[in-house]
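Structure record follows, encoded as structure tokens.
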């Protein structure tokens, strides 16, 4: 088994764990593709363990009580280590947290099935089974041995509306088992429901190419259908609005297609912008069809599937359009990822100020809503502006909120309400995500020097915090009503006893996802 541990954002260290299940020993492999020596700190499954060096010349390293280890790798070098002791045995079975699909959800095409484990510090193998409702025999889909634990199931041949039952079984190295179940219908899944959490601002890095590969490809000049590398169906990136576009003449018919990136199926997007999602259906009446793809949301659609909607207004030049009030500049492109008829666009790029806008159909002014301009006030830079448009009623709404969590150690958003209890802002958890799939750590240093890197807070000491599912005690919520919705994090007794000295130095609280990647980090303050 190989488990991802660390990857530098640029040239630098890439580290993995390799697990020998027979001896329950963990190996660490660190490589450095930069021209300078580099260090990285990352998690292991082996706390308080010395790792003897098998390859390299820097000597052994030792993990701390949380299992984190710091490794320095020379320029263009490789180091390999082996734990001197087996990974610790566990006293309880792993707790499985289903991720996708949610109970009662929809699976389609090549469907992703995924779970997280509540305890990310242990190695486990997770097997996924399914059976159609009303049958008895479970069929194995596959097994995964590293987080995010996932497999893919091809359900394209199953009748739409079929009810599938899923059974997920986890086994750790101590031989402890646990299992859970979920269920879903076969259909055409869309994007996630609820308020938009997508920032539609164009990403810095665009792919080399994007094509619309589907059952109409042969009809537009390709040698066959479903050809992601066919020149006739390659979209062109618009330098102004960073949307991929192409107009094709397509005969009337009933077709399916997906967006394929870099002329292969390795990365593709279907209905709702879902990676490896279900096919997108289109029924052109014959003639010109305009296709569009957004690499920020991965939404792909066409003029034959419904109106192309933008929000032209007095803020467009701030977004990168050549002028304001230009409906054909698709920087503010409203999209319906979940197929509920409400189109949404969101951005953090509109600076402080007052603006006006409308929603335009078809990239022109022939049809726009409402009759009068909509006013918009952004009180500060960096706010998240979200525009919603209900297609059936033509109702337009706009909201301005704080943007989603961004790691920042220069501000303190976590509150030490007691030496053994921390209140963490609930809005740092992405909308719709289960807090149980995240973990929190307390980072501290008497001399300062805490910093952020690609996947963690670095420097100083670190201890794990425990989320209290009951939330903050009633007495705390009464004394500090502003913290009523905060996430309650418990501090272990030994660390709580040192808290006065810890708070005299630099302190940070960080939130990590189920794959151990940094999601949010902030300073810690007293009420």
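The values are calculated or read from the model by the stated rules, or taken from the named source; none is laboratory data. Just so you know, these numbers come straight off a predicted model, no measurement behind them. Note: ideal-geometry Cβ built from the backbone for every residue, glycine included; neighbour counts use all protein chains shown.
Search region 505-527 for residues being part of a loop (DSSP other than H, G, I, E, B) and more than 14 Å from the chain's Cα centre (by Cα), and hand back the single one that is nearest to residue 476 (Cα to Cα).
In the first step, residues of region 505-527 are kept if they are part of a loop (DSSP other than H, G, I, E, B); the result is 505, 513-517, 526-527.
Now narrow it down to the ones that are more than 14 Å from the chain's Cα centre (by Cα): 505, 526-527.
Details: 505: 25, 526: 13, 527: 11 Å.
This residue is 527.
Looking at region 339-357, is at least one residue under 30 Å from the mean Cα position of the chain (by Cα), farther than 20 Å from residue 380 by Cβ, assigned to a loop (DSSP other than H, G, I, E, B) and without any contact (Cβ under 8 Å) to a residue 60 or more places away in the chain? Scanning region 339-357, I find at least one residue that is under 30 Å from the mean Cα position of the chain (by Cα), farther than 20 Å from residue 380 by Cβ, assigned to a loop (DSSP other than H, G, I, E, B) and without any contact (Cβ under 8 Å) to a residue 60 or more places away in the chain, so the answer is yes.
Among the residues making up region 397-437, those that are buried (at least 19 other Cβ atoms within 10 Å of the Cβ) and either at pLDDT below 80 or part of a strand (DSSP E or B) (or both) are 413, 414, 415, 416, 417, 422, 423, 424. Any residue in region 445-455 that is under 20 Å from residue 423 (Cβ atoms) and not in a loop (DSSP other than H, G, I, E, B)? No, region 445-455 contains no residue that is under 20 Å from residue 423 (Cβ atoms) and not in a loop (DSSP other than H, G, I, E, B). Checked against the criterion of being surrounded by 14 or more Cβ atoms within 10 Å (Cβ to Cβ) and either more than 30 Å from residue 166 (Cα to Cα) or free of Cβ contacts under 8 Å to residues at least 24 places away in the same chain (or both), the candidates 31, 106 yield just one match: 31. Scanning region 13-28 for residues that are in contact (Cβ under 8 Å) with a residue 60 or more places away in the chain, on the phi < 0 side of the Ramachandran plot and not in a strand (DSSP E or B), we see that the one that is nearest to the chain's Cα centre (by Cα) is 21.
Hey, can you tell me all the residues within region 59-73 that are exposed (fewer than 15 other Cβ atoms within 10 Å of the Cβ) and touching a strand residue (DSSP E or B) at 6+ places or on another chain (Cβ under 7 Å)? Break it down into steps so the answer makes sense when it comes.
Within region 59-73, the first condition is being exposed (fewer than 15 other Cβ atoms within 10 Å of the Cβ), and the residues that meet it are 59-60, 62, 65, 70.
Matches in region 59-73: 59, 60, 62, 70.
When residue 288 is tested against (1) surrounded by fewer than 17 Cβ atoms within 10 Å (Cβ to Cβ); (2) part of a loop (DSSP other than H, G, I, E, B); (3) touching a residue at least 40 places away in the same chain (Cβ under 8 Å), only condition (2) is not met.
Looking at this structure, is residue 320 modelled with pLDDT under 95 and under 30 Å from residue 353 (Cα atoms)? Give the derivation first.
Values: modelled with pLDDT under 95: yes; under 30 Å from residue 353 (Cα atoms): yes.
Against the criterion (modelled with pLDDT under 95 and under 30 Å from residue 353 (Cα atoms)), residue 320 qualifies.
Among the residues of region 29-58, those identified as outside any strand (DSSP E or B) and in contact with a strand residue (DSSP E or B) (Cβ under 7 Å, 6 or more places away or on another chain) are 37, 44, 45, 46, 49, 56, 58.
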